[in-house]
Amino acid sequence: MVVLSQGAIDHFAPIKTCKPSGAVLEGVPVVDLLSPNAAAVVVRACEEFGFFKVVNHGVSLEIVNRLEDEAVKFFGLPQAEKDKAGPSDPFGYGNKRIGTNGDVGWIEFLLLHTNSSEDDKKLSPSFSQGNHEFFRCAVEDYVRAVKEVAFRVAELMADGLAIEPRDVLSSMLRSEASDSCFRLNHYPPCPELQALSPTLSGRNLIGFGEHTDPQIISILRSNNTSGLQICLRDGAWVSVPPDHSSFFINVGDSLQVLTNGRFRSVKHRVLAGHGKSRISMIYFGGPALDEKIAPLPSLLAEGESSLYKEFTWSEYKRSAYKTRLADYRLGLFEKPRVQ
C-alpha cells in the first residue's frame, strides 16, 4: 500500500474529483468528409450532440505525430524550463491553474494564438538547445492542416442548413483577423489518487473541468488515451472512446447563437488517468474581435425571433474570461423569454 504524507495529500486537495461514470458513448456520430451526405450527418450531429468526429479528413499522420512528439518533449522538460514559457496571461505555459477565477485541474498546457508571433518569443527560452524551430514548425504545419478541416466542416454546416452564401461561417475562420487559438494539453498520470484518503478513493480526478467552448467550433485530437467525456441532453456524462486517427468537433457557444439555438454547444470535461499520460491538441476557431455575433437571418423562420442579444466576439470573450469554467456563459446574452 502507498502511504502519502499530509503534505502530499495537500498537494492534491485543491484538485476536483467526480463520481465515476461507467457509461460510454457507443454511437459517436461519424462524419466522412468524402461522403456525399456529409452535410446532413453534420447537421444531425450538431442538433443532437453538438459533437461528432470526422474521418477521411486529409490531415497527414506524419504532421500529427510530429507535433505530438514535440509536445511530449516540451512537457518532459524540467519544470523550471517549462515555467520560462509562462505564466499564461492568457497565452503561454500554465500548470494546474485554469484561468484566473479559481479553476484548477490535473493538467499542464500551452495556449498559443494562431495569428501572433508573441507566443514564439515566449517559447524561445524553453528551447534554448536548438529545438525551438522544430516545435514552431510542427505547430504551424499542424494548425495549417487543421484549419482546412475547420473550413470544410463550417461549409458543410452551411450546406446542411441551406445557408447562403455557403462561406458565411467559414469566412469568419478564414479571416486574417480571426481570433483563433491553439492549445496543447498534457494530463500526467496520477497513480497516487487511490491512496489519497477514504473520501477521494475510487473517484475520478478532474483534468479539465466541465465547460463549453466559447468560439465557433473546436477541433480536438488526442493520443490513444481515454479521458474525454461529454454531457448528453439529459444531463448524463458519457465517456468518448479515444480515436487517435480522427478529429473530434465541438460546437461552440458562438455557433449556438449564430444558429439561434438549433445547434447547441456541448458541455465536456476531461478526466485524468491513473497510469497513462494524455496529450491533446485543440484548435479553437474564433471570429474577429469586432465580428458581430447574432442569429443568421437566413435561419430565422418567418415571425421567429432571435433568442440572443447581438454582441461582438470581443464582448463575449471578455465576459467569458470573468466566469468560472462551469458557468453558463450565454445566460447573460439571452433575451427574456416571452410568456
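What is region 237-317's relative contact order, in percent, from Cα pairs under 8 angstrom and six or more apart in sequence? Don't jump to the answer; show the numbers that get you there.
Numbers: 69 pairs, mean separation 23.6, N = 81.
Relative contact order of region 237-317: 29 percent.
If packing is taken as the mean number of other Cβ atoms within 10 Å per residue, what is the order of 226-237, 206-217, highest first?
Details: 226-237: 16.0, 206-217: 23.4.
Those peptides, ordered most packed to least, come out 206-217, 226-237.
With the radius of gyration and the Kirkwood radius both derived from the Cα set of region 135-272, what is their ratio Rg to Rh? Mind showing how you got there, number by number?
Working: Rg = 17.5 Å, Rh = 17.0 Å.
Computed over Cα atoms, the ratio is 1.03.
Do any of LYS53/LYS292; LYS267/LYS322; LYS96/LYS317; LYS53/LYS267; LYS267/LYS309; LYS73/LYS317 go past 24 Å between their Cα atoms, and which? Mind showing how you got there, number by number?
Numbers: LYS53/LYS292 28 Å; LYS267/LYS322 18 Å; LYS96/LYS317 22 Å; LYS53/LYS267 16 Å; LYS267/LYS309 22 Å; LYS73/LYS317 32 Å.
The pairs that break the limit, which is 24 Å between Cα atoms, are LYS53/LYS292; LYS73/LYS317.
Considering only protein heavy atoms, with the full assembly of protein chains and a 1.4 angstrom probe, order THR114, THR225 by accessible area, largest first.
Working: THR114 35, THR225 15 Å².
From most accessible down to least: THR114, THR225.
Of PRO295, SER319, PHE333, which is farthest on the positive side of the dipole of region 278-339, counting Cα position, with +1 on Lys and Arg Cβ, -1 on Asp and Glu Cβ, and the Cα centre as origin?
SER319
The values are calculated or read from the model by the stated rules, or taken from the named source; none is laboratory data. Since the model is a prediction, treat every value here as computed from it, not as a measurement. Please note: Cβ atoms are built from the backbone with ideal geometry, for glycine as well, and neighbour counts cover all protein chains shown. These area figures cover heavy atoms from the full protein model, side chains too; ligands, DNA and RNA do not enter into them. Shrake-Rupley method; radii C 1.70, N 1.55, O 1.52, S 1.80 Å.
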